[in-house]
Amino acid sequence: MAQHESTYKPSNNFGKWMDERLPVARLVHDSFVDFPTPRNLNYLWTFGGILTFCLVAQLVTGIVLAMHYQPSADEAFNSVERIRRDVNFGWMIRNFHAVGASMFFIAVYVHIFRGLYYGSYKAPREILWILGVFIFLAMMATAFMGYALPWGQMSFWGVTVITNLFSSLDSIIPGLGTSIVQWLWGGYAVTGATLNRFFSLHYLLPFVIIGLVILHVWALHVVGQNNPTGVEPKTKADTVPMGPYAIAKDAVAMFAFLIPFAWFVFFLPDYLGHADNFTPANPLVTPPHIVPEWYFLPFYAILRAIPSKLGGVMAMFAAIAVLAFVPWLDRSRVRSTKYRPVYKWFFLLFVITCLALGYLGSKPADGIYVFWARIFTFYYFAHFILVMPFVGLLETPKKLPNSISESVLGKSGGGGGDTVPSGATASPEKR
Amino acid sequence: MQSARAFGLALSAIALSAGTVWAASGGAHIERHHWSFTGLGGQYDKAQLQRGFKVYQESCSACHGLSRLSFRNLFEAGGPEFDEAAVKSLATEWPNQIVDGPNDDGEMFERPPLASDPIRGPFANEKAARAANNGALPPDLSLIIKARTVENHSSWPLHVVQMGKDVLSGYQEAGADYVYALLNSYKGSEPDTNGMYVNAAFPGGKIAMTPPLTVDNTVAYLEDGQSAPEGMTVPPSTVAQNAEDVTAFLAWASDPSLNTRKQIGWQVMIYLLITTVLLYLGKKQIWARLKH
C-alpha cells in the first residue's frame, strides 16, 4: 500500500508467526497508525472518518431493519409502522437509519466542498477524486431506492417521477427510454415488482460503496492527504503519524458530529422527511407537491430549470458528471483556494449557488422560482466550464509557504529542528 | 430588461412578506398551538390523552378507525395508561368486531376484540366507507397527525430563520396544529347543496366531514353528577378543549414512543457532550507534544 517504510514490530511470538503468513496487523499499523498525515490538517479533514462511521451505521441499522421489513406493495408500509410501534427500540433503529441518510449527505457535501476549496482533486489525486464522484453517485442511487421502501405517497410518486425521466431518451432513440423505464419498473407501471427490485438493489449498493471506499482509501494512501496549504509534505517535520494525532482529532470530530445527528434522531426524527410519506402509497391520488429528499433538491432544481424534458435530465446528470472532470478543468498553478485571491470569491458564489438551488428545488416550478433556478443553473455550470479554467490561468496566486511546517511554525521553525514524533516520515510517496 | 423586472419583483416579494405566513396546502392561516409534548422536553399529558380517547370514542370512532393501535396500547406506559382491566372490558364491548376464523366448520365468524387486536373502524372496506359517507372516505386516524403538515409560505430569509428556530427548539408539531385548527374552523354546521361543509383550515375550504364537535354537541368529560377524581381538575367540555384533547390523543397514536424517545434523547445528549469534551481535552494533550 503506502510506500513508506513499515515500522511494524510484532510484540509477541504469535504476532511474529502471523506476520510471516498474513500480515494484516502490519497493513493496519502502516495504514492507520504509522501513516504520515500533514500536521496542519484542520477539522474539515475529519469528514472522511465521519463518512466511514456513517456508512457503517447505515449498514448496521439497515441490516437490522431488513430483519423486520417486508418488501411487498401490500405490507411494506405496515411493516415500517410495526417497526416504529412494536419492534423493541424499532423506532430508534428506524430513526437512526432515516436521519442517518441525511447526515451521510451532510458529511459528504462538507467533504466534497472541502476537496473543491483546497484543490484536493489536483494531480496526483485525480483517481482518488473520481472514485469519490462514483461513491457520491452510488450513495444517491442507494438513498433514492431507500426512500422508496416505506412505500408511502412520497415514496411512490418520487419513484414514479424520477423513473419516468428516462422515458425522455425516446427522443434520441425511439423506444430506448420506454424500454429502460419498463425494465426499472419490472412492468408497465410502478408496482410491488418495482419495490422488490429496489429493495434488492438497496441492499446490494452499500456493499458496492464499501468496495469503492476501499479503493478510495487505497488511492489516498498512495498519494497521501492534501492539506490546507496545498504544499506537499517535504520533510519529517511536515507530518505527524496518524496514530495518535489524527485519530485523536477524528474522534473529537466524530463525537461532535454525533450531537446534531442524535438531536434529529431523538428530537426531530421526521423533520427531514415528508408528511405525505405517512400516507400509504396510492396510485390514484397524486400529492400536491412531489418533492425529493433535501439532499437531491439542487439537482431537482437543475432538472426543472431546463424547458425540455430530455435537456433537464441531461443537465441533472451533467451536474454530477462534471465533477469528474474538475481535475482537468481547474488550470490553477496552486491547489489551495487560500492562496487564490480572485477564485475564492467565485468559490463563495458557487457555494451560494448550490444552497440557492437547494431552496429553489423545494419550491413549485413556476414563476420567479424557475427564473432564479435558471440563473443559478447557469452559474453552476459556468463555474466549472468557465471560471475554473480561465480564473486559474489568469489569476496571480499569493506566495505559498515553503513547507507545511513553515506555515505552522513560522519561518524560524521550518528547518526541521523541532521535536519530530517517532515514526513520522515524510510524504508517503517519495517523488 | 426582463431579468431586471424579475429581480425587482423578487425584491418586492421579500419586502412585502415581512411576517411569517403559515398555511395548509389550501392557503389558510394555521396558528401554532402550545402542546405539552412539543419541544425538547415535551411529554404527553396522561390526563389529556385519557380525555382525548373519550372524545375519539364518542365522536370520531363512529366513522374513523385507529387500526395501527391495539387495545393493549391504551394501558401501556407512555400513553393514556388506562387501567388494564378497564381496557380489556372496553374491548369486549367495542362495537366494531374482529373477523376471525375459519372455525372448525370452515366458517368465518365475528368476535369481540382482545387486548392484542387493532382498534378497528366501523367499515369493512373502503367501498363500504365511501358508500356510507356520500362518497368520501373517513381516513384511519392512527397516523393522521404525522401525515398532515403546515407549509411555510414565508419569504426565503424568514423561512431559513424559522427552520433554524424549529430545529433548535425541537418543533415538529405542524400536523397537530393543522388537525386542531381543522376541528375549530367549521363555519356553521349546515352542509351546502353538495353535502360539503365550510372549513377554512381545509385545503380548498370545503370538507365532507360533518362537524364532529359543535357548541351543542361536545363530549362531556364527566358523567352527570360525577365529580372530578381526587387531585385532578377536569376542564370544561368546550369545542376547543375537546379538539385539543383529541388532537393530543391522536398525536400519541401516531407517535407512541415520544415520551421514551425524548427521555433517552437527553441521556444521549449528555453522554455525547461529556465524551466530546473529554476527547477534545485528550486531543489537546496529545497535540501538546508537538511544537507549535
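The values are calculated or read from the model by the stated rules, or taken from the named source; none is laboratory data. Since the model is a prediction, treat every value here as computed from it, not as a measurement. Ideal geometry is used to build each Cβ from the backbone, glycine not excepted, and the neighbour counts take in all protein chains shown. Quick note on the areas: whole protein, heavy atoms, side chains included, nothing else; ligands and nucleic acids left out. Shrake-Rupley method; radii C 1.70, N 1.55, O 1.52, S 1.80 Å.
Determine whether residue A:114 is in contact (Cβ under 8 Å) with a residue 60 or more places away in the chain, of a type in the set (Lys, Arg) and either in contact with a Ser or Thr (Cβ under 9 Å, 6 or more places away or on another chain) or not in a helix (DSSP H, G or I) (or both).
Judged against the criteria, residue A:114 is a match.
Give just the number: which of (1) within 14 Å of chain A (Cβ to nearest Cβ); (2) open to solvent by 80 Å² or more (accessible area, probe 1.4 Å) does residue B:215 not satisfy?
(1)
Only one of A:287, A:307 is within 13 Å of chain B (Cβ to nearest Cβ), surrounded by fewer than 20 Cβ atoms within 10 Å (Cβ to Cβ) and either within 30 Å of residue A:120 (Cβ to Cβ) or not aromatic (Phe, Trp, Tyr) (or both); which? Outline the logic, then answer.
Numbers: A:307 fails: within 13 Å of chain B (Cβ to nearest Cβ).
It is A:287.
Anything in region B:43-92 that is in a loop (DSSP other than H, G, I, E, B), within 14 Å of another protein chain (Cβ to nearest Cβ) and over 25 Å from residue B:235 (Cα atoms)? List them, or say none.
Within region B:43-92, B:65 is the sole residue that qualifies.
Kindly establish whether residue A:148 is of a type outside the set (Ser, Thr, Tyr), within 30 Å of residue A:348 (Cβ to Cβ) and open to solvent by less than 20 Å² (accessible area, probe 1.4 Å).
Taking the combined requirement at face value, the residue does not satisfy it.
Look at region B:252-292 and say how many of its residues are touching a Leu at 6+ places or on another chain (Cβ under 8 Å), under 14 Å from residue A:256 (Cβ atoms) and small (Gly, Ala, Ser).
Of the residues in region B:252-292, 0 are touching a Leu at 6+ places or on another chain (Cβ under 8 Å), under 14 Å from residue A:256 (Cβ atoms) and small (Gly, Ala, Ser).
Residue by residue, here is whether (1) farther than 20 Å from residue A:103 by Cα; (2) touching a residue at least 12 places away in the same chain (Cβ under 8 Å) holds:
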{"position": "A:7", "(1), (2)": "yes, yes"}
{"position": "A:11", "(1), (2)": "yes, no"}
{"position": "A:14", "(1), (2)": "yes, no"}
{"position": "A:40", "(1), (2)": "yes, yes"}
{"position": "A:52", "(1), (2)": "no, yes"}
{"position": "A:74", "(1), (2)": "yes, yes"}
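Could you please find all residues in region A:248-273 being within 8 Å of chain B (Cβ to nearest Cβ) and open to solvent by 40 Å² or more (accessible area, probe 1.4 Å)?
Answer for region A:248-273, where residues must be within 8 Å of chain B (Cβ to nearest Cβ) and open to solvent by 40 Å² or more (accessible area, probe 1.4 Å): A:255, A:256, A:263, A:271.
Taking the criterion of being touching a residue at least 60 places away in the same chain (Cβ under 8 Å), in the same structural domain as residue B:138 (by TED's automatic domain parsing), surrounded by fewer than 15 Cβ atoms within 10 Å (Cβ to Cβ) and part of a loop (DSSP other than H, G, I, E, B), would at least one residue in region B:187-198 satisfy it? Steps first, please.
Residues of region B:187-198 touching a residue at least 60 places away in the same chain (Cβ under 8 Å): B:195.
Subsequent filtering for residues that are in the same structural domain as residue B:138 (by TED's automatic domain parsing) retains B:195.
Now restrict to residues that are surrounded by fewer than 15 Cβ atoms within 10 Å (Cβ to Cβ): B:195.
If we keep only those that are part of a loop (DSSP other than H, G, I, E, B) as well, we get B:195.
The answer is yes, given that some residue of region B:187-198 is touching a residue at least 60 places away in the same chain (Cβ under 8 Å), in the same structural domain as residue B:138 (by TED's automatic domain parsing), surrounded by fewer than 15 Cβ atoms within 10 Å (Cβ to Cβ) and part of a loop (DSSP other than H, G, I, E, B).
Cβ-Cβ distance below 7 Å, separation of 6 or more or different chains: which pairs start in region A:362-385 with a residue that is within 13 Å of another protein chain (Cβ to nearest Cβ) and end on one that is of a type in the set (Ser, Thr, Tyr) and open to solvent by 30 Å² or more (accessible area, probe 1.4 Å)?
Listed by first residue and then by second, the contacts come to A:363/A:369.
Out of all the residues in region A:80-90, is one or more in contact with a Ser or Thr (Cβ under 6 Å, 6 or more places away or on another chain) and closer than 22 Å to residue A:267 by Cα?
No: zero hits.
Being of a type in the set (A, V, I, L, M, F, W, C), buried (at least 19 other Cβ atoms within 10 Å of the Cβ) and modelled with pLDDT of 95 or more narrows it down to one residue among A:351, A:322, A:326; which is it?
The match here is A:326.
Taking the stated definitions as given, is residue B:288 within 30 Å of residue A:409 (Cβ to Cβ) and either surrounded by 15 or more Cβ atoms within 10 Å (Cβ to Cβ) or within 14 Å of another protein chain (Cβ to nearest Cβ) (or both)? Before you say what the answer is, go through the steps one by one.
Details: within 30 Å of residue A:409 (Cβ to Cβ): yes; either surrounded by 15 or more Cβ atoms within 10 Å (Cβ to Cβ) or within 14 Å of another protein chain (Cβ to nearest Cβ) (or both): yes.
Criteria met by residue B:288.
Could you list all residues from region A:86-100 that are open to solvent by less than 20 Å² (accessible area, probe 1.4 Å) and either touching a residue at least 60 places away in the same chain (Cβ under 8 Å) or not in a helix (DSSP H, G or I) (or both)?
Of everything in region A:86-100, those that are open to solvent by less than 20 Å² (accessible area, probe 1.4 Å) and either touching a residue at least 60 places away in the same chain (Cβ under 8 Å) or not in a helix (DSSP H, G or I) (or both) turn out to be A:95, A:99, A:100.
Does any residue in region A:198-219 that is closer than 26 Å to residue A:121 by Cβ come within less than 9 Å, Cβ to Cβ, of a residue that is open to solvent by 40 Å² or more (accessible area, probe 1.4 Å) and not in a helix (DSSP H, G or I) six or more places away or on a different chain, and which pairs are these?
Going by the 9 Å Cβ cut-off, the qualifying pairs are A:218/A:1.
If residue A:281 meets every condition in (1) in contact with a strand residue (DSSP E or B) (Cβ under 9 Å, 6 or more places away or on another chain); (2) not assigned by TED's automatic domain parsing to the domain that holds residue A:190 apart from one, which number is that one?
That leaves (2) as the condition not met.
Select from region A:1-45 the residues that are over 26 Å from residue A:252 (Cα atoms) and among the β-branched types (Val, Ile, Thr) and write down the one among them that is modelled with the lowest pLDDT.
Per the stated criteria, the residue is A:7.
Of all residues being in a helix (DSSP H, G or I) and open to solvent by less than 20 Å² (accessible area, probe 1.4 Å) in region A:229-242, which is nearest to the other protein chains (Cβ to nearest Cβ)? Just the residue, please.
Ranking the candidates gives A:237 first.
Inspect all residues belonging to region A:267-276 and state whether any of them is in contact with a Leu (Cβ under 7 Å, 6 or more places away or on another chain), outside the structural domain of residue A:394 (by TED's automatic domain parsing) and either assigned to a helix (DSSP H, G or I) or hydroxyl-bearing (Ser, Thr, Tyr) (or both). Working first, answer last.
Taking region A:267-276 first, the residues in contact with a Leu (Cβ under 7 Å, 6 or more places away or on another chain) are A:267.
Subset that is outside the structural domain of residue A:394 (by TED's automatic domain parsing): A:267.
With the extra rule that they be either assigned to a helix (DSSP H, G or I) or hydroxyl-bearing (Ser, Thr, Tyr) (or both), the set shrinks to A:267.
Taking every residue of region A:267-276 in turn, at least one turns out to be in contact with a Leu (Cβ under 7 Å, 6 or more places away or on another chain), outside the structural domain of residue A:394 (by TED's automatic domain parsing) and either assigned to a helix (DSSP H, G or I) or hydroxyl-bearing (Ser, Thr, Tyr) (or both).
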